[in-house]
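Reading through the structure tokens given below for one structure.
The values are calculated or read from the model by the stated rules, or taken from the named source; none is laboratory data. The structure presented is a predicted model; accordingly, all values stated were derived computationally and were not measured. Ideal geometry is used to build each Cβ from the backbone, glycine not excepted, and the neighbour counts take in all protein chains shown. With ligands, DNA and RNA removed, areas are computed over all heavy atoms of the protein, side chains included. Shrake-Rupley method; radii C 1.70, N 1.55, O 1.52, S 1.80 Å.
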Amino acid sequence: MRRLSSSSSNRTPMVKRRSSSLGFDEFGFALSKKREQKLQHRSHEYSYPQPDAVRVKQLCELLSYWNGSSFICRSQIERFIRMGIPPSLRGRVWKCLLNLDSLRESGVFNYQACLDEIRKPLVDLGVSEYSILSALSSPLSPAQASPALAFCSQEVALFHQIAQELKRSFPTHRSLMGESPEAIEGQAKLFRVLTVYAKYNPQIGYSQGMSCIAAVLLMHLSEEEAFWALVVLLREPKYLSEFFDLSSEKIQHQAAVFHQLLKHTRPSLSQHMEDCGGMSLHYAQPWFLALFTSLPCWDSVLAIWDLVMLQGLVGVFRAGLAIISLLEPRLMALTDHTTMLTLLLRVPVELSKHHVLVTALWATEIQESEVTCMANLVLENAREDLCKENLKPNCTSLPTAEPEAHKTDAKTPALAAKEPTKEATGSVTKNVFTRMLRVARRYLVVVGQSSGSGKPSCSSSSSSTEPQPSKTRVSASLPQAQIRAKRRSQKGPCLRSLSRKKAPSSQESDAGATEDCSEPGLRRLKSGPAGRGARQRSVHKALRRRSLQLCPMGSPRNSSHRPLLTSTESPQPARSTTGHYRMLSPQEAQDEQNPRLTVRESQLI
């Protein structure tokens, strides 16, 4: 057994040397045999479109006059991302999309000064960033840790945590694999970027998954550019700021948002996964924290990163839904949660090819408004669940009875403000009167108008001042076609003239009413204009008596139709049509022989 363990321990360096002797692919990953590729879940067969010389020239011209706030520039760069970014220009494209140059110039943070402060505790420990992996990968002994912990305990804990993550960050890439000078320099760069960011953002510090993102940035950018790119990605709400925190609440919330998106886009698959016991957090968290770097085809990973640099968080959800759509037939055939999770975390190579995955990626459409709506839905569901568990009285979903103290105590300013005042009562009365006028405007016809002077006419002064009887007669109903023709001929509604401020003159108000009997059986009222005061007095008197006596103009007196309420004025000259009504005088009301009917105010409201 001891001999087996020693041989197995010596097997890993042999594999690394054999891999290094085989060389590296175009993206820097060590070439290995088929069986080792399956174990590492890495493929070296890439299918991304080869860059065209004309397209490379056009992209270089676009990046030379790049303006991040220009819609034309962003639409053009999206077109290039759809066609495929050449690997040699990917770093420049990321710098432009993240606007790194202006951030470095406007920022007050000094990367090199912070790096000098970090080196002081390392000197006290007797190590440097180039030997940090071997020195801090194992727990510190008490002799080594006692002087360091007395001086900088938090820094030592941070260094140890980052050193543990360095071993798991792309162990087959030439910038991080083995003990070559390039690998040692790559590990030191990654360590410096992560520690400086932890100093830059002490509220979060270092969180799991940051090492993978920083390592990919270092593959295409310089050390300081990779640091500022990491700052933008983890600070801006558009990108990955909603993924990393110390309590892991943000990533759980985003996994729930992704579950809601999946539920609305593919309800049958979502229901099947829920029935099998699958949870979105189990596979969405590794996807989002590592930003899909676990996919076997690296050209597809970089295509997803291009989209994330362009669209931010929306691109992350699009990539997740695209992978789910490709795996849907296989997931629907599975019933075991463990097998489902294995398939989701280790996407097959044939489905992660560039021509397959990227096609599905651009075919998946998600808007930023949809993501915001699903995030609000998750928050509402969480709030309702919290209310049901704790039964809080302030929750709107669970209304509770009002405490008795509020019913018996004296009036507080808040309660007194809610009580109706005199102004509120007056406004209620005004609203009731407005409703009455609206009903009258809908169902009644206007009073006849004078045709000679062109001035608005009204009923006689005697009819507006004398008391009206409580009941009246109406004659036969007029044809509806004549009523509609009269309404169309008038410029504006008669009832609007109630708000006119012009007062009537004494001569106009005393003018008597005349009748026009141009047609047999019709009576038409002619009078001078009346002011606002006369109109309001007549209307309010009639309302106080709770009834109005109205009769159709020119209709036979032996009619058996019901009386209708109408206005007492009209702003324009009337014509001799059968669509006019007037108010009856007391003498005319007594001459009527048929039974009369009263129209009250309560029937109009």
Quick one: work out Rg over Rh on the C-alpha atoms of the range 327-371, Rh as Kirkwood radius. 1.06
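Among the listed pairs Lys189/Lys238; Lys95/Lys250; Lys33/Lys199, give every one whose C-alpha distance is greater than 30 Å. Please list the in-between numbers first.
Working: Lys189/Lys238 27 Å; Lys95/Lys250 27 Å; Lys33/Lys199 42 Å.
Too far apart for the 30 Å limit: Lys33/Lys199.
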Sorted largest first, extent of the range 236-300 alpha carbons per principal axis (Å): 34, 31, 20
More than 19 angstrom apart: percent of Cα pairs within the range 283-392: 52 percent
Carbon plus sulfur, as percent of the 1.4 Å-probe accessible area of the range 203-339, comes to 52 percent
At 1.4 Å probe size, with no ligands or nucleic acids counted, give the accessible surface of Asp101 in Å², nearest ten. 80 Å²
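Of Leu98, Leu345, Leu39, which has the most accessible area with a 1.4 Å probe, and how do the rest follow in descending order? Could the numbers behind the result be given before it?
Details: Leu98 10, Leu345 60, Leu39 135 Å².
Heavy-atom accessible area, descending, gives Leu39, Leu345, Leu98.
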Val54 accessible area, nearest 10 Å², 1.4 Å probe? 90 Å²
Ignoring ligands and nucleic acids, what accessible area does Thr338 show with a 1.4 Å probe (Å², nearest 10)? 90 Å²
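Using R₀ = 22 Å, calculate the FRET efficiency as 1/(1 + (r/R₀)^6) where r is the Cβ-Cβ separation of Lys38 and Arg168; round to 0.05.
Numbers: r = 19 Å, r/R0 = 0.87.
Rounded to the nearest 0.05, the efficiency is 0.70.
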Where does the charge balance sit around Leu98 when Lys and Arg score +1, Asp and Glu -1, over other residues with C-beta under 10 Å from its C-beta? -2
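What whole-number value in Å² describes the accessible area per residue of the range 215-359 for a 1.4 Å probe?
Spelled out: the 1.4 Å probe surface of the range 215-359, per residue, equals 33 Å².
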Quick one: length gained pulling Glu45 to Glu179 fully straight, 0.36 nm per residue minus the C-alpha distance? 45.6 nm
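What FRET efficiency do you get for Asp101 and Lys238 if R0 is 25 Å and r is their Cβ-Cβ distance, rounded to the nearest 0.05?
Values: r = 18 Å, r/R0 = 0.73.
In this case the efficiency is close to 0.85.
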So, in Å, what gap is there between the alpha-carbon centers of the range 91-129 and the range 204-267? 19 Å
Sorted by accessible area (1.4 Å probe), largest first, how do Lys33, Lys38 line up? Lys38, Lys33
Report the local net charge at Leu361: Lys and Arg +1, Asp and Glu -1, summed over other residues whose C-beta lies under 14 Å from its C-beta. -1
Residues other than Ala322 with Cβ under 12 Å of its Cβ, Lys/Arg counted +1 and Asp/Glu -1, net out at 0
List, largest first, the extents of the alpha carbons of the range 148-279 along their principal axes, each in whole Å. 53, 35, 27
